[in-house]
1. Estimate the FRET efficiency between residue B:34 and residue A:120 by the formula 1/(1 + (r/R0)^6), using the beta-carbon distance for r and 25 Å for R0, to the nearest 0.05.
2. Calculate the FRET efficiency for residue A:152 and residue A:47 from the Cβ-Cβ distance with a Förster distance of 51 Å, rounded to the nearest 0.05.
3. Calculate how large, on average over all directions, the projected area of the Cα convex hull of the stretch A:101-177 is; give the answer in nm² to one decimal.
4. What is the distance, in nm, between label points placed 7 Å from the Cα along the Cα-to-Cβ direction at residue A:70 and at residue B:164?
5. Provide a whole-number value for the mean count of partner chain Cβ atoms within 10 Å of the Cβ atoms in peptide A:165-178.
6. Mind ordering A:104-113, B:86-95, B:45-54 by average Cβ neighbours within 10 Å, highest first?
7. I'd like the FRET efficiency for residue B:87 and residue B:53, computed as 1/(1 + (r/R0)^6) with the beta carbon distance as r and R0 of 22 Å, rounded to 0.05.
8. Order B:57-63, A:117-123, B:152-158 from most to least packed using the mean count of other Cβ atoms within 10 Å.
Amino acid sequence: MKGPNRNRMRRLTYILLFALGISLFVRPARAQEFITISLGGSAVNWTSAFANSLTPGAASNPGNTSVTVNSNWNLSPGRTALILYAYFNSASAALAHSATVCTTGCPDIPSSAIEVKVNAGAFAPMTQTAPFGAAGASLQLFSLKITGANKTSSRSDTLAFNINLSGLPQLPADTYTGTLVIQAQATP
Amino acid sequence: MRTTKSTKILIAVLVMALSAGAQTVARSASAAISFRAEVAKVLKLQANLRQVRQAGVSAEVFATGPSTLRVAVQISGSAPVLRLPVAITCNVRSYLLQARAASSSSTAVIGLAGDPGQDPLGRQVLSRPLPLDHDPVFAMVSSPAMAAGSTDTTIELRFDPVPSGETRTVTFELSLLESGR
């Protein structure tokens, strides 16, 4: 390699070394990034004890209580969205029948019959597909645009629940149980 | 200008370092809410007629509870038959129709009279005609498909012949019960 070319190569090498140093040592402080979710309640009932047992065929079967979701986060620069999801791990049997009462041919309550209302919004069925849970068994509770101003912040949301049995007029007498999971994700 | 081998390696290391620094999604831990929902049991047995007058039979029907009927029947003649139209409302997976005679000396054969082609219950019910004083359970429904609204059917009682010129009174109770299966 002749003199000018060698100088150019040396210059390029210095530039690359500098870029490598930047990438290794001036990266965002990822260790401090977190998202935490806490709930103001852990159970919702539709039972005789709360005088709100399910009525098959009825569109309105409100849960006995609402649940507050508290979200806290400290996100790395570059995050552009924070999304909170609710989901079940089964779309066809979000609330499953009691196996001790019925063993074969027993209907369950699908996630499409479970409706969630966020704050003052409208009830929406759990029919979306999200990064979590079973396909068609989720609902996006909120999607927040993240900027430098709110990359570290918190919020509180109130969830109300309804079981819409207008499509299940023949749901047999039984006890149906399930678990709704709440989880958040920041992207990209 | 040709790129030397050492420069190529340096570029590769840089690309790797940058890709390692690329953002992946960040997720919270999950939080759970348990759901528990009950559908209350409904068992209703209702008479579609309060009074029934048929050849050799005169009956009065009283509701003694949401799932219980008391039937008082006067019978006469050689082949008295009572056909009692009832409505069954039920959302349990299996149930029993029970007939219990107030007097053990009553003799009758009881069953569901519905035409299997017309009577929805007749298609699904296991109807077992039995002497009224022998086994109080005369019909059993055991099908998840029966967990549905109201069904009209006819309960039929065929009594033993009554000597000519005599009248006999039979009282019995009809009950709809969950079979516990």
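FYI, it's all coordinate maths here, none of it is from the lab. Model, not experiment: these values are computed from the prediction. All Cβ positions, glycine included, derive from the backbone under ideal geometry; neighbour counts span all protein chains shown.
1. So, using R0 = 25 Å, E works out to roughly 0.50.
2. Given R0 = 51 Å and the Cβ-Cβ separation, E is 0.80.
3. Its average projected convex-hull area is 7.3 nm².
4. The modelled label-to-label distance comes out at 9.3 nm.
5. 5
6. Top to bottom by mean Cβ count within 10 Å: B:86-95, A:104-113, B:45-54.
7. My answer for the efficiency is 0.65.
8. Descending mean neighbour count gives B:152-158, B:57-63, A:117-123.
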